[in-house]
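To keep things clear, I will list the structure first and then write my remarks on it.
The values are calculated or read from the model by the stated rules, or taken from the named source; none is laboratory data. Predicted model only: the values in this text are computed from it and were never measured. A quick note on method: Cβ atoms are made from the backbone with ideal geometry, for glycine too, and the neighbour counts reach across all protein chains shown.
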Amino acid sequence: MIDATIETFAGLIAQGHVLVDIWGPECRPCLALMPAVETLASTYGDRVRFVKVEAPENRKICRDLRVAGLPAYLTMRDGVEVERLTSNATTPGQIEEAILRLLSGAPAVGPPIPEHLRG
């Protein structure tokens with residue numbers, strides 16, 4: 001898992017398959033899911049880049065991506081959002097299903113990523 005900042009985010013999401021984990025240190029569901037996401041990173045890390053964004057430290061990324069609540073998981077392909085999971089009831093199974101849809105070529109359905117976040 002790679003920690004992203006406003007300076008590194010665009011380069012991390014620009015190419016390939018990416019799961020962006022937007023979390024906060026005060027977010028209990030985020031912390032509860034973290035071990036499962038790390039396991040998914042071990043399982044799929046050869047095909048998907050796992051990027052963590054700590055929300056309080058990266059408010060501009062969250063605002064520009066229109067993230068309103070935590071935890072938030074975004075799957076992306078070549079800098080374009082494919083899917084978004086945003087709920088404190090998100091399960092590890094739902095995150096894995098989103099990863100599998102990403103890898104199977106699911107079409108992008110999310111909002112456009114602002115240009116300055118895409119590099």
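If you go through the stretch 69-119 and keep only what is in a loop (DSSP other than H, G, I, E, B), hydrophobic (A, V, I, L, M, F, W, C) and closer than 19 Å to Ala4 by Cα, you end up with Leu70, Ile113. The residue of the stretch 72-113 that is farthest from Gly11 (Cα to Cα), among those that are exposed (fewer than 15 other Cβ atoms within 10 Å of the Cβ) and small (Gly, Ala, Ser), is Ala89.
Ala14 versus (1) among the small types (Gly, Ala, Ser); (2) modelled with pLDDT under 95; (3) in contact with a strand residue (DSSP E or B) (Cβ under 7 Å, 6 or more places away or on another chain): which is the lone unmet condition? Among (1) among the small types (Gly, Ala, Ser); (2) modelled with pLDDT under 95; (3) in contact with a strand residue (DSSP E or B) (Cβ under 7 Å, 6 or more places away or on another chain), Ala14 violates only (3).
State which residue pairs qualify: first residue in a helix (DSSP H, G or I) and inside the stretch 35-58, second residue surrounded by 12 or more Cβ atoms within 10 Å (Cβ to Cβ) and charged (D, E, K, R) in any location, beta carbons under 7 Å apart, and separation of 6 or more residues or different chains. What qualifies is Val37/Asp21; Leu40/Glu96. Kindly check whether there is at least one residue in the stretch 64-71 that is touching a residue at least 24 places away in the same chain (Cβ under 8 Å), surrounded by fewer than 19 Cβ atoms within 10 Å (Cβ to Cβ) and either over 12 Å from Ile22 (Cβ atoms) or of a type in the set (S, T, N, Q) (or both). No.
Considering the conditions (1) within 19 Å of Ala4 (Cβ to Cβ); (2) at pLDDT 95 or above; (3) in a loop (DSSP other than H, G, I, E, B), Arg66 is excluded by exactly one of them, (2). Flag: Thr8 does not match the condition of being of a type in the set (S, T, N, Q) and touching a His at 6+ places or on another chain (Cβ under 9 Å).
The set of residues from the stretch 3-19 being outside any loop (DSSP other than H, G, I, E, B) and out of contact with any Phe, Trp or Tyr (no Cβ under 7 Å at 6 or more places or on another chain) comprises Asp3, Phe9, Ala10, Gly11, Leu12, Ile13, His17, Val18.
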